[in-house]
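Everything below concerns the one structure shown next.
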Amino acid sequence: MKICVLPGDGIGPEITAEAVRVLRALDLKLEMEEALLGGCAVDATGDPYPEATRKLARAADAVLLGAVGGPQYDALPREQRPERGLLGIRKDLGLFANLRPAVLYPELANASTLKPEVVAGLDILIIRELTGDIYFGQPRGIETRNGERVGINTMIYSESEIRRIGRVAFESARKRSKKVCSVDKMNVLECTQLWRDVMLEVARDYPDVELTHMLVDNAAMQLVRNPKQFDVMVTGNMFGDILSDAASMLTGSIGMLPSASLDEKNKGLYEPCHGSAPDIAGQGVANPLATILSAAMMLRHSFNDEAAAGRIERAVKKVLAQGLRTGDIYEPGMQRVGTRDMGDAVLAAL
Ligand code: IPM
Ligand code: MG
């Protein structure tokens with residue numbers, strides 16, 4: 001099994017290194033090769049998603065990604081920004097289904113800014129469409145109309161795009177508590193009226209799964225009011241981007257949240273939900289657990305190895321139970337550790 005490793009920028013290399021160590025410790029037949037994506041790729045080649053990376057990523061069975069971006073790239077032309085590399089690889093590999101589980105580990109109930117009783121036992125799965133919507137719609141740009149600048153983006157979804165992400169949501173719900181909440185803004189946006197109509201059509205093939213709908217503004221409120229009402233949430237690219245950040249805070253820290261981005265054949269890219277955290281890059285203090293948990297998702301979804309995925313997840317639970325905490329999830333009385341120590345502890349727990 002071939003894994004393309006893309007450490008990226010900021011804390012990316014530090015956290016990816018720990019996930020790679022964990023994968024190696026499992027004694028599976030994994031070939032790992034590194035390539036450049038994001039700002040580091042711009043620095044080296046001028047292109048955030050260079051040809052060599054494209055080749056390696058296309059040939060691999062799965063991709064493990066750290067994070068991309070940094071303030072030093074903000075002034076570059078848009079085609080050269082690190083984020084363009086990330087969007088480029090998602091689109092190039094056809095990774096339309098982004099799974100973002102938000103699970104609260106009981107040990108971290110106090111790390112959330114919400115009351116423990118609101119988040120205790122939380123286990124939701126946000127399914128975000130990842131290759132369509134306003135992120136990719138045309139026309140787009142900034143141009144001059146009537147003597148002033150206007151900014152343009154286009155929210156667009158075809159019914160086939162909605163249907164395939166809908167199926168992923170219903171299939172996922174079948175393995176969980178058989179509830180899907182589809183999030184849209186159909187009271188204002190035609191694009192999401194179609195989203196709702198197509199979700200209702202898809203639901204006919206899944207009579208055993210309960211489908212509900214929620215407007216995105218209400219969904220944002222309900223996520224912080226009573227998040228445990230949700231099981232699987234399915235939504236478009238932009239709403240999913242926003243709601244998944246909100247959901248991450250329910251679990252105490254975005255430093256804990258893994259993600260999988262899958263194509264139609266379960267080839268996937270696995271990355272933490274958080275960014276490159278330039279403010280703490282290079283200090284060895286970043287939380288590697290989201291990336292390590294992303295490696296577990298890789299084993300589960302791309303390599304069909306539930307046993308190995310479970311081993312990693314149990315090892316993470318164990319180190320949390322032992323009281324080890326990186327700065328983002330630290331509470332008084334716990335043992336504060338850095339990135340490497342946290343990786344060591346997970347390896348020991350394995
Ligand atoms: C995410 C990130 C990206 C996105 C950025 C870095 C382009 O916020 O993966 O959620 O908006 O998709
Ligand atoms: Mg985001």
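Structure notes:
Conditions (1) more than 16 Å from ligand 2 (Cβ to nearest atom); (2) more than 30 Å from GLU161 (Cβ to Cβ), marked per residue:
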| position | (1), (2) |
| --- | --- |
| GLU14 | yes, yes |
| GLU18 | yes, yes |
| ALA60 | yes, no |
| LEU95 | no, no |
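- All conditions in (1) within 16 Å of ligand 1 (Cβ to nearest atom); (2) open to solvent by 40 Å² or more (accessible area, probe 1.4 Å); (3) more than 19 Å from the chain's Cα centre (by Cα) hold for TYR135, with the sole exception of (3).
- Remark: GLY69 matches the filter, which requires a residue to be at positive phi, in the same structural domain as GLN322 (by TED's automatic domain parsing), within 16 Å of the chain's Cα centre (by Cα) and within 16 Å of ligand 2 (Cβ to nearest atom).
- Whichever residue in the range 263-282 is part of a loop (DSSP other than H, G, I, E, B) and free of Cβ contacts under 8 Å to residues at least 60 places away in the same chain and, among such residues, is nearest to SER253 (Cα to Cα): ASN266
- Filter result (part of a strand (DSSP E or B) and out of contact with any Asp or Glu (no Cβ under 9 Å at 6 or more places or on another chain)) within the range 127-174: ILE127, GLY141, ILE142, GLU143, THR144, ARG145, GLU148
- When VAL150, VAL168 are screened for being within 21 Å of the chain's Cα centre (by Cα) and of a type in the set (Val, Ile, Thr), only VAL168 passes.
- Residues being within 14 Å of ligand 2 (Cβ to nearest atom), open to solvent by 10 Å² or more (accessible area, probe 1.4 Å) and touching a Leu at 6+ places or on another chain (Cβ under 7 Å) - total across the range 225-254: 1
- Test set (1) within 16 Å of ligand 1 (Cβ to nearest atom); (2) crowded, with 21+ Cβ neighbours inside 10 Å - MET298 fails condition number: (1)
- Check on ASP208, without any contact (Cβ under 8 Å) to a residue 60 or more places away in the chain, more than 15 Å from ligand 1 (Cβ to nearest atom) and either under 19 Å from LYS115 (Cα atoms) or surrounded by fewer than 17 Cβ atoms within 10 Å (Cβ to Cβ) (or both): yes
- Counting only helices (runs of 4 or more DSSP H) that fall entirely inside the range 190-253 and contain at least 3 residues that are within 22 Å of the chain's Cα centre (by Cα), of a type in the set (Gly, Ala, Ser) and under 27 Å from ALA111 (Cα atoms), the qualifying elements are 237-250.
- Residue selection: LYS115 fails the criterion of being open to solvent by 10 Å² or more (accessible area, probe 1.4 Å), under 21 Å from the mean Cα position of the chain (by Cα) and free of Cβ contacts under 8 Å to residues at least 12 places away in the same chain.
- Considering the range 262-280, and only residues there that are surrounded by 23 or more Cβ atoms within 10 Å (Cβ to Cβ), away from ligand 2 (no atom under 13 Å from the Cβ) and not aliphatic (A, V, I, L, M), the residue that is nearest to ALA290 (Cα to Cα) turns out to be TYR270.
The values are calculated or read from the model by the stated rules, or taken from the named source; none is laboratory data. Keep in mind the model is a prediction, meaning the values are calculated, not measured. All Cβ positions, glycine included, derive from the backbone under ideal geometry; neighbour counts span all protein chains shown. SASA here: full protein model, heavy atoms, side chains in, ligands and nucleic acids out. Shrake-Rupley method; radii C 1.70, N 1.55, O 1.52, S 1.80 Å.
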